[in-house]
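I have placed the structure first, in the form of structure tokens, so that the comments after it can refer back to it.
The values are calculated or read from the model by the stated rules, or taken from the named source; none is laboratory data. All values derive from a computational prediction rather than experimental measurement. Every residue, glycine as well, gets a Cβ built from its backbone with ideal geometry; the counts of neighbours run over all protein chains shown. The area values use the complete protein model at the heavy-atom level, side chains included, leaving out ligands, DNA and RNA. Shrake-Rupley method; radii C 1.70, N 1.55, O 1.52, S 1.80 Å.
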Amino acid sequence: MPIANPRTTLLAVLLVSLVGTAGIALPYPVLAPMYLEGPTNDLTHFMGMPPKLLLGLVLALFPLGLLLGSSVIGGLSDHFGRKQVLMSTLLLASIGYALSATALLQQNFILFAVARFLTGVCQGNIAVARAIAADLHPAIDRTRALSLAMACTYAGWLLGPLSGGYLVTLGVDAVFWFAGLAVIVCAALVQFGIQADRPLAGHRPSLLTLARAQNSLALWKEPAIFPLALFNLLFCLGVNAFYEFYPFWLVEKFGFAPHQIAWNTVAVTGTMIATSALVVPAMQRRFGSTALVLKGALALGTLLLFLPLAGLISVYPVFALIGIGIATVNGVFPALMSERFEQFGQGRIMGLLTANFCLASVIIALVGSGVALVGSHWSLVLGALLCFAGAAQFARQRHKTASPRLSSSIEKSPVH
């Protein structure tokens with residue numbers, strides 16, 4: 001259905017991406033110090049378990065919820081309408097953040113874990129916001145819209161941790177109250193900034209049947225999608241190894257406080273925003289889409305491999321370069337997937353990429369926390385090896401499956 005005011009809709013999508021991601025990222029610089037250096041209580045030493053393992057479990061539950069939510073919510077929005085699904089999940093997410101804050105006040109680990117999982121399920125609606133951006137084509141170029149949405153997502157990762165690092169002075173629970181407030185703001189933006197869309201016509205199956213049929217993870221079974229989905233998963237594993245365990249490393253090696261961790265996040269996300277909005281188009285024109293994805297994955301793996309050797313002075317420049325590597329791949333790959341496989345539904349495609357990121361978060365949170373028992377720097381090395389594995393997979397599928405005609409069409413596709 002044509003969108004009456006595409007620019008207004010895009011603005012609302014960008015603000016939702018910004019505020020919604022900030023709400024997700026608010027707690028990140030808070031959890032590691034709370035578990036590693038916080039007081040001994042039922043929340044940080046539940047059933048006598050090591051705090052690192054408890055933190056790994058907490059870190060895993062939120063993306064596990066995101067995995068479940070993003071794999072279903074994107075497809076559901078194709079049938080029930082983007083706005084309706086987005087509004088409902090945002091309001092439920094605000095309740096989840098309130099439950100998390102309550103659990104912290106009561107020092108109730110079980111409630112905290114359940115609340116983080118349920119909040120993650122609802123925040124899988126990120127896939128819906130990206131699908132709306134893709135729907136704006138041809139009124140607004142699909143790749144341009146997705147690139148701007150990614151830039152706002154990066155800005156959310158900057159604003160969220162930075163805010164969380166300073167809000168923690170009001171109490172850890174305050175971070176989650178503010179996250180819930182941010183999600184409510186998102187709901188208001190959706191209500192007034194995005195027009196109601198028309199669900200698909202015809203017979204509407206039950207919610208459970210539709211969730212099974214339109215599950216984004218089912219796209220792994222498609223032969224054309226599988227090689228690229230595998231690359232995406234491996235790359236996301238490497239990225240998440242960095243995201244989830246650089247706070248460990250900064251605390252262990254330098255004794256950083258939450259606000260200092262937040263400023264390292266600024267170094268990463270600041271360069272990600274600038275790279276996505278300004279640099280990636282020029283690099284794509286010079287190197288081509290597939291070559292740029294490959295070079296970005298290799299560069300990120302190399303940086304993560306050498307990050308543990310960085311000193312206090314050099315850590316900020318290295319973090320900035322890591323941001324460039326992440327944004328380079330993320331600035332091209334989603335648009336490439338959207339353009340090549342739009343026949344499967346934009347909601348499902350964006351859901352697949354989001355679900356892969358979430359699945360990677362779950363795996364790395366569990367595996368990486370065990371590796372971190374030996375030393376947090378080994379979790380970063382693991383991330384480097386996964387990026388290299390992803391680059392090898394991408395190079396292999398590119399060489400094996402691309403005919404000269406297809407390769408040429410990919411390289412010339414206007415991804416920006």
Worksheet entry | Value of D in µm² per second that Stokes-Einstein yields for region 1-146, Kirkwood Rh from Cα pairs, at 10 °C (1.306 mPa s) | 96 µm²/s
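Note down the relative contact order for the chain as a percent, whole number, built from C-alpha pairs under 8 angstrom at least six residues apart. Walk me through the intermediate numbers first.
On the way: 723 pairs, mean separation 115.2, N = 416.
Once divided by the residue count of the chain, the mean separation gives 28 percent.
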Discussion item. Taking the Cα centroid of region 1-72 and of region 89-145, what is the distance between the two, rounded to the nearest whole Å?
Written reply: 8 Å
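Leaving out ligands, DNA and RNA, and with a 1.4 Å probe, what % of the accessible surface on the chain is carbon or sulfur?
On the way: 11200 of 16240 Å².
After summing per-atom areas, the C and S share lands at 69 percent.
Suppose every K and R has +1 on its Cβ and every D and E has -1 on its Cβ; what is the size of the dipole of the chain about the Cα centre, in Debye to the nearest 20? Before the final figure, lay out each step's value.
Working: 23 positive and 13 negative charges, 236 e Å.
It comes to approximately 1140 debye.
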Worksheet item: Where q = 0.13, 0.18 Å⁻¹, what log10 of I(q)/I(0) comes from the Debye formula for region 252-310, counting one point per Cα?
Response: -0.49, -0.81
Worksheet item: How many nm separate the modelled label positions at HIS259 and TYR166, each set 7 Å beyond the Cα in the direction of the Cβ?
Response: 0.8 nm
Discussion item. Using a 1.4 Å probe on the protein heavy atoms only, what accessible surface does VAL30 show? Give it in Å² to the nearest 10.
Written reply: 0 Å²
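With the Cα gyration tensor of region 12-88 in hand, give its eigenvalues times 5 under a square root as the equivalent ellipsoid semi-axes, listed largest first in whole angstrom. Walk me through the numbers before you get to the answer.
Working: eigenvalues 221, 46, 13 Å².
Each semi-axis is the square root of five times an eigenvalue, giving 33, 15, 8 Å.
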Worksheet item: Say a paramagnetic label sat at a point 7 Å from the Cα of ALA282, along Cα to Cβ; which residues of region 311-355 have their backbone N under 19 Å from it?
Response: 320-332
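Just the number please: accessible area per residue for the chain, 1.4 Å probe, all protein chains included, in Å².
For the chain, the solvent-accessible area averages 39 Å² per residue.
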Discussion item. Taking 0.36 nm per residue of sequence separation and subtracting the Cα-Cα distance, how much length would be gained by fully extending the chain between ALA291 and GLN397, in nm to one decimal?
Written reply: 36.9 nm
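Report the semi-axes of the equivalent ellipsoid for region 217-341 in whole Å, largest first, where each axis is √(5λ) for an eigenvalue λ of the Cα gyration tensor. Let's see the in-between values first.
Details: eigenvalues 165, 58, 28 Å².
Listed largest to smallest, the semi-axes of region 217-341 are 29, 17, 12 Å.
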Worksheet item: In the full protein assembly as shown, how much of HIS259 is accessible to a 1.4 Å probe, in Å² to the nearest 10?
Response: 70 Å²
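Let me confirm the definition first: pairs of Lys residues in the chain, 8 or more apart or on different chains, C-alpha distance under 20 Å. How many are there? Mind showing how you got there, number by number?
Working: LYS52/LYS253; LYS221/LYS400; LYS295/LYS400; LYS295/LYS412; LYS400/LYS412.
Summing the qualifying lysine pairs gives 5.
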Worksheet entry | Extension gain, THR40 back to GLN84 (0.36 nm per residue minus Cα-Cα distance, nm) | 11.5 nm
Item to complete: Based solely on C-alpha atoms, express the radius of gyration and the Dmax of the chain in angstrom.
Response: 20.3, 62
Practice prompt. Provide the gained length on full extension for the span MET47 to GLN106, in nm with one decimal, where the gain is 0.36 nm per separating residue minus the Cα-Cα distance.
Written response: 19.6 nm
Worksheet item: Once you charge only the Cβ atoms, +1 for Lys and Arg and -1 for Asp and Glu, what is the size of the charge dipole of region 278-408 about its Cα centre, to the nearest 20 debye?
Response: 460 debye
Discussion item. Using only DSSP helix segments of four residues or longer, with each worth -39500 (n - 2.57), what per-residue ellipticity at 222 nm results for the chain after dividing by its residue count and rounding to 500?
Written reply: -26500 deg cm²/dmol
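Show SER17, SER314 ordered by accessible area, largest first, where the area counts protein heavy atoms only and the probe is 1.4 Å.
SER314, SER17
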Discussion item. Per-residue counts of other Cβ atoms within 10 Å, averaged by peptide: what ranking do you get for 349-357, 390-398, highest first?
Written reply: 349-357, 390-398
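At 1.4 Å probe size, put TYR166, TYR243, TYR28 in order of accessible surface, largest to smallest.
Numbers: TYR166 110, TYR243 40, TYR28 70 Å².
These residues rank, largest area first, as TYR166, TYR28, TYR243.
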Fill in: For region 339-386: span of alpha carbons on each principal axis (Å, largest first)
46, 17, 8
Discussion item. Please list 3J(HN,Hα) in residue order for region 224-231, calculated via the Karplus relation 6.51 cos²θ - 1.76 cosθ + 1.60 where θ = phi - 60°; whole Hz, with x for glycine and proline.
Written reply: 6, 8, 3, x, 6, 5, 5, 4
